[in-house]
Amino acid sequence: MRDVHVRVVSPIVTRGFRKLADLKALEYPGISLSHAEIATGPGSIESEFEAAMSVPGTLLETARAEREGVDAVIIDCMGDPGLRPAREISGMVVLGPCQTGMHVASMLGHKFSVITVMRRLIPSFENTAALSGLSSKLASVRSVDIPVLDLEADLAATARRLVEEGRKAVEEDGAEALIFGCTGLMGCAAGLREGLLAEGIDVPVVDPIPTAVSIAAGLVRAGLSQSKMTYPAPPEKELIGYDALHRAMLPQAAE
């Protein structure tokens, strides 16, 4: 069985927000992880504007990863910023944790809910569900109303809010599976599940980054990647102001 190298690309410029050691903890025999951050863009992503500002850097790091022989890229944000254009410029597996998490959750329960950070992000998740053909599976999107960069300021308070909203999603909205709506919450799935079990609620909780890592590795080993009928390479034309991205997209022999 072949080894698989997965790179997690964080589409923000806040250094240290995603620790390599946390990603290394997801490795298992035959699966290695590396990490990249964009150089220009937002400090966190809590709006469509910030998501858009993260896309050029995300595309650059995706192109670099493919040139370095990486097998798959995971975009480290539940907005899946740049997912579709990244798939156009790449032949390797490129996954967004939101789209991936939604499809997995829809297999594990009849309906799922997303527990995210800020209320303003609810339309984005509903749009992703619609584009993924999963609107009928989406029970609700709920928020804990804690900004991304403040999630770890009071972990006990964050955990309480997660359990509270998770319980409401199940009891009031009809969810039978839950998804964390921010990759900054990586590693908290077990705590949320335990908190819900303590209240007699037994539902799967999808942690998007670990889930996407395993799905990416499985696709690579199965010899599968995104369809080039759906995501054809962009036409060659003048691209002003994006020299680094253009160079990264060129074949090695063209340098």
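The values are calculated or read from the model by the stated rules, or taken from the named source; none is laboratory data. If you're wondering where the values come from, they're calculated on a predicted model, not measured in any experiment. Backbone-built Cβ (ideal geometry, glycine too); neighbour counts: all protein chains shown. Heads up: the accessible areas ignore ligands, DNA and RNA and are worked out on the full protein's heavy atoms, side chains in. Shrake-Rupley method; radii C 1.70, N 1.55, O 1.52, S 1.80 Å.
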Answer yes if at least one residue in the stretch 25-45 is in contact (Cβ under 8 Å) with a residue 12 or more places away in the chain, within 27 Å of Met1 (Cα to Cα) and among the charged types (D, E, K, R), and no otherwise. no
Subset of the stretch 177-198, residues buried (at least 16 other Cβ atoms within 10 Å of the Cβ), out of contact with any helix residue (DSSP H, G or I) (no Cβ under 6 Å at 6 or more places or on another chain), over 19 Å from Thr128 (Cβ atoms) and not hydrophobic (A, V, I, L, M, F, W, C), comes to Arg193
Filtered residue count, the stretch 199-249, keeping only those that are open to solvent by less than 90 Å² (accessible area, probe 1.4 Å), assigned to a loop (DSSP other than H, G, I, E, B), hydrophobic (A, V, I, L, M, F, W, C) and out of contact with any Lys or Arg (no Cβ under 9 Å at 6 or more places or on another chain): 3
Six or more apart or on different chains, Cβ atoms under 6 Å: show the pairs whose first residue is in the stretch 158-186 and farther than 18 Å from Asp145 by Cβ and whose second is open to solvent by 40 Å² or more (accessible area, probe 1.4 Å) and part of a helix (DSSP H, G or I). Ala177/Leu108
Mind checking which residues of the stretch 11-25 are closer than 18 Å to Ile215 by Cα and buried (at least 20 other Cβ atoms within 10 Å of the Cβ)? Leu23
Can you spot a residue in the stretch 4-15 that is outside any strand (DSSP E or B) and at positive phi? no
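Would you check if Thr100 is within 30 Å of Leu250 (Cα to Cα), of a type outside the set (Gly, Ala, Ser) and open to solvent by less than 20 Å² (accessible area, probe 1.4 Å)?
yes
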Condition broken by Ser34, with the remaining ones in (1) surrounded by fewer than 18 Cβ atoms within 10 Å (Cβ to Cβ); (2) within 13 Å of Ile12 (Cα to Cα); (3) modelled with pLDDT of 95 or more satisfied: (2)
Which of the numbered conditions does Ala52 fail, given that it passes all the others? Conditions: (1) at pLDDT 95 or above; (2) of a type in the set (A, V, I, L, M); (3) in contact with a Lys or Arg (Cβ under 9 Å, 6 or more places away or on another chain). (3)
Inside the stretch 52-95, the number of residues satisfying the requirement of being in a helix (DSSP H, G or I), touching a residue at least 60 places away in the same chain (Cβ under 8 Å) and open to solvent by 10 Å² or more (accessible area, probe 1.4 Å) is 9
Tell me, please, whether a residue that is at pLDDT 95 or above, hydrophobic (A, V, I, L, M, F, W, C) and farther than 29 Å from Glu88 by Cβ can be found in the stretch 137-158. yes
